Amino acid sequence: MLSMNKMRFSAILSMVLFAATVYSQKAGDNGISVSEKAKIDALINAMTLEEKVGQLSLYQADWDVTGPILNTNHLNLIKEGKAGAIFNAYTVDGVRHLQQMAVEESRLKIPLIFGYDVIHGHRTIFPIPLAQSCSWNLSAIEQTERIAAREATAEGLNWTFAPMVDISRDPRWGRVAEGAGEDTWLGCKVAAARVRGFQGTDYKAGNTLMACTKHFAAYGAPQAGREYGTVDMSMISLYEWYLPPFRACVDAGVGSLMTAFNEIAGVPSTANKWLMTDLLRKDWGFHGFVVTDYTSINEMVDHGNAENIKDAARLAFNAGVDMDMEGSAFLDYLPGLLKEKKVTLQDIDHAVRLILEAKTKLGLFDDPYRYCNKSRQEKEVMTAENLDFARKMVSESCVLLKNPDQVLPISENVRSIAIIGPLGDSKKDMLGNWTAAGNWEKCITLVEGIKSRVKDEVEVYYEKGCNTNDNDRSGFDAAVKIAEKADFVVLAMGENGWMSGEASSRSSIGIPGVQNELAEIIIKTGKPVALVLFNGRPLVITKMAALPLAILETWFGGTQAGNGIADVLFGVVNPAGKITMTFPRNEGQIPIFYNGKNTGRPLNPADSSDRYLSRYLDCPNDPLFPFGYGLSYTKFTYSNLRTTVDGNKINVAVQVANSGNRDGEEVVQLYVRDKVGSVTRPVKELKGFQKVLIKKGETKTITFNLTTDDLAFYHPDLKKYWEPGEFVVFVGTNSAETLSESITVK
Ligand code: GLC
């Protein structure tokens, strides 16, 4: 009897202990266990008001400059416990030095978070995000962020101000370089992949970065494409086109969001309570914290939304901002605002809790130096494996725009190549913008990549010929001379690395300087010519595209640019990239994007005789190159599109044949048009894609399965649902060349 009771007791005890363990470890929605919460509560109770608002303050170290410097006092603020996080500082020694000040000199020894703009790689720099989106390879994009996170956390960092998920339909805006192009559906997929890559599945792993989705919201729609410009749009447009990638990141568990500089319909994003509290937290259930963009609280005075910085601090804090980047507005004014009862201690404590929860999840309270591991820094940065992956990503991000008479790939019979242009041997430009800790000296230029590929079997000549952006023609003659003596000419032209990115809007987006002129002269030599284009945005290359030359879009490929491009030029890799932003014929067409509305007087390209149609007098409506466009060294033929409707399911099948003479990958794209809606619908919308390898001579059947949920759209009441009726299904190699079939879904 006794033994039976003993057994029962021990069974009950073990169950109680197990339950207690689970309960104590049981994380709430925000991933914080009961015991961790208790520690945070105790810390908040011990903090002074100054220390609390200090946790809500982010300052930049003087290692890199990414905005106007308002504060040079960050070291004292750290020691006084008045800084919650530091950005623009990295390396184990550098971070350890600052972390020691926080955890050994401040009163409560609260560790700092260290953030940086790890936008497309940390030390190994990958192609700019816009380029990566043209790979349509979501797992590869996720992997680049995985590598970036490993390298950045090996150098002291634990927070990145990425992914940037701003949808944009205006290539005059320089920051299109940082995003995933014009399409919301694809933008959502890329955004979630990047959050997964950065954050992995375990914040405490020590090699994952807390991500920070930006810029919330609609920063990519400035009037006239002018940087920091006013944004004004309908709520339906905001919900349909600009908000979904942020929602995708919240659903993927992103740890933080960054506000946008711009106003939306008269209210600066940084003071927009509807955006940051009602929508982000109440509707979407976001548990992380919101940091401002660089001094964007202070800038509300210039916006004309606040009389002074104190008023701006009140507005931003009460709207839902938790952390102030570089502006010192919270540190300087929240204590006074509390005394005046214009903010509440409850809200201050809540914001502090969110910051402390992030530090807990990052494991910084367990070990403030967990990201300061010298041996990781020596072993995990710019490894051969990372560089190999970067090289593959370069090739996969390239887009073949033109290839008359199969100029490319460069024939094996070519014995001499002339490389001409300002971007042929420029290491600095290969990185593009937002290169953080990237080391330009380690970049492989196009000249280096080609020489490395051909070794001593082919003569390689190089002449810069001209600069990217001036009228100096003194190099033309030397360029012509090497073109005349070579079998093949590669033009390396485009923008320099700093003509895109932040504060880099351009009103005219052609290839700058006298590069076009030089290209026209080189063409006259009669040699086979391939233009390798370097740029951070779609350019107006209409004149260049009229010349008899091949055009390979390579964007800014980063550390391995030259090698990855050479792999495509020589056919080691068959290009499969597809542009994710429309290339306009001229600036007058902008904003131009594939998923526009039909209007009440649509132009019928087959019969444009009628004057009174939606058109220009001096330019076609269609772009130079449409969304989803990209050629291959082989040829893909689409046939037998079949669509069946089965209740709420829509099943699509198409055959794609590789009728060329080499294997290749094809991004098969699925679009849908809703013919009639209570809100007008775009002429087509991307609803799926598959990137498939099809061997030469092979035919594959590609299938897609949609449901009526995929047909839903926002209504004036901002509810999202679909409407029965007639739809058109399109499948093709880009948004303009498709097979189509009408269906009715009831
Ligand atoms: C910049 C950018 C933002 C960046 C931040 C920190 O102004 O707008 O994208 O993350 O400041 O560098």
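No lab work stands behind these numbers, since they all come straight from the coordinates. Because the structure is a prediction, the values reported are computed rather than measured. Backbone-built Cβ (ideal geometry, glycine too); neighbour counts: all protein chains shown.
By counting other Cβ atoms within 10 Å of each Cβ, how are LEU423, LEU238 ranked from fewest to most? Provide the component values of the computation, followed by the final result.
Numbers: LEU423 27, LEU238 21.
The fewest-first ordering by Cβ neighbours comes to LEU238, LEU423.
Taking the C-alpha atoms only, the angle from helix 184-199 to the longest principal axis of the chain is near 50 degrees. The Cα atoms of segment 384-589 cover 43, 43, 30 Å along the three principal axes, with the biggest extent listed first. In a DSSP loop and with at most 14 other Cβ atoms within 10 Å, there are no trypsin sites (Lys or Arg not before Pro) in segment 30-75.
Derived scalar couplings between HN and Hα for segment 403-412 equal 7, x, 6, 6, 3, 9, x, 4, 5, 5 Hz in order, rounded to whole Hz, by the Karplus curve 6.51 cos²θ - 1.76 cosθ + 1.60 (θ = phi - 60°), x for Gly and Pro. With viscosity set to 0.692 mPa s and temperature to 37 °C, compute the Stokes-Einstein D of segment 203-258, Rh being the Kirkwood radius across alpha carbon pairs; µm²/s, no decimals. Taking Rh from Cα pairs, D becomes 256 µm²/s.
Relative to the longest principal axis of the C-alpha atoms of the chain, give the angle of the C-alpha long axis of helix 34-46, reported between 0 and 90° and rounded to the nearest 10°. Relative to the chain, helix 34-46 is tipped by roughly 70 degrees.
Cβ-Cβ distance of ASN661 and GLN223, R₀ of 60 Å, FRET efficiency by 1/(1 + (r/R0)^6): the value works out to about 0.75. Counting lysine pairs in segment 636-745 whose alpha carbons fall under 22 angstrom apart, excluding pairs fewer than 8 residues apart on the same chain, gives 15.
Each pair of Cα atoms in segment 194-312 enters the Kirkwood radius, and Stokes-Einstein at 37 °C and 0.692 mPa s then converts it into a translational diffusion coefficient of 219 µm²/s. Across q = 0.25, 0.28 Å⁻¹, segment 143-205 modelled as identical point scatterers on its alpha-carbon atoms has Debye log10 I(q)/I(0) values of -1.02, -1.15, in the order of the q list. Summing charges over neighbours of LYS79, with a neighbour being any other residue whose Cβ is under 10 Å away from its Cβ, gives -1 when K and R count +1 and D and E count -1.
Neighbour counts of other Cβ atoms within 10 Å put HIS215, HIS287 in the fewest-to-most order HIS287, HIS215.
Dipole check for segment 384-589: with +1 at the C-beta of Lys and Arg, -1 at the C-beta of Asp and Glu, and the Cα centre as origin, the magnitude is about 260 Debye. Each 5 Å bin, from zero up to the one with the longest distance, holds this percent of the alpha carbon pairs of segment 456-556: 2, 12, 24, 24, 19, 10, 5, 2, 1. Once the convex hull of all Cα atoms in segment 246-342 is built, its volume per residue stands at 92 Å³.
Helices in the chain, meaning DSSP H runs of at least 4 residues, each add -39500 (n - 2.57). Divided by all residues, the mean residue ellipticity at 222 nm is -8500 deg cm²/dmol. Across the chain, how large is the tail of the calculated P(r) beyond 33 Å, expressed as a percent of all Cα pairs? Tail of P(r) above 33 Å: 54 percent of Cα pairs.
At q = 0.19 Å⁻¹, what base-10 log of I(q)/I(0) does the Debye formula yield for segment 564-655 when every alpha carbon is treated as an equal point scatterer in vacuo? Taking Cα atoms of segment 564-655 as identical point scatterers yields -1.05.
Mean separation of Cα pairs under 8 Å and 6 or more residues apart, divided by the residue count, gives the chain a relative contact order of 13 percent. Axis angle, to the nearest 10 degrees, between helix 2-25 and the longest C-alpha principal axis of the chain: 60 degrees.
Each residue in ARG537, ARG172, ARG453 was given a count of other beta-carbon atoms within 10 angstrom of its own, and listing them fewest first yields ARG453, ARG172, ARG537.
Applying D = kT/(6 pi eta Rh) to segment 657-746, where Rh is the Kirkwood radius over alpha-carbon pairs, T corresponds to 37 °C and eta to 0.692 mPa s, the Stokes-Einstein value obtained is 225 µm²/s. Over the C-alpha trace of segment 169-243, radius of gyration and Dmax come out as 14.5, 44 angstrom.
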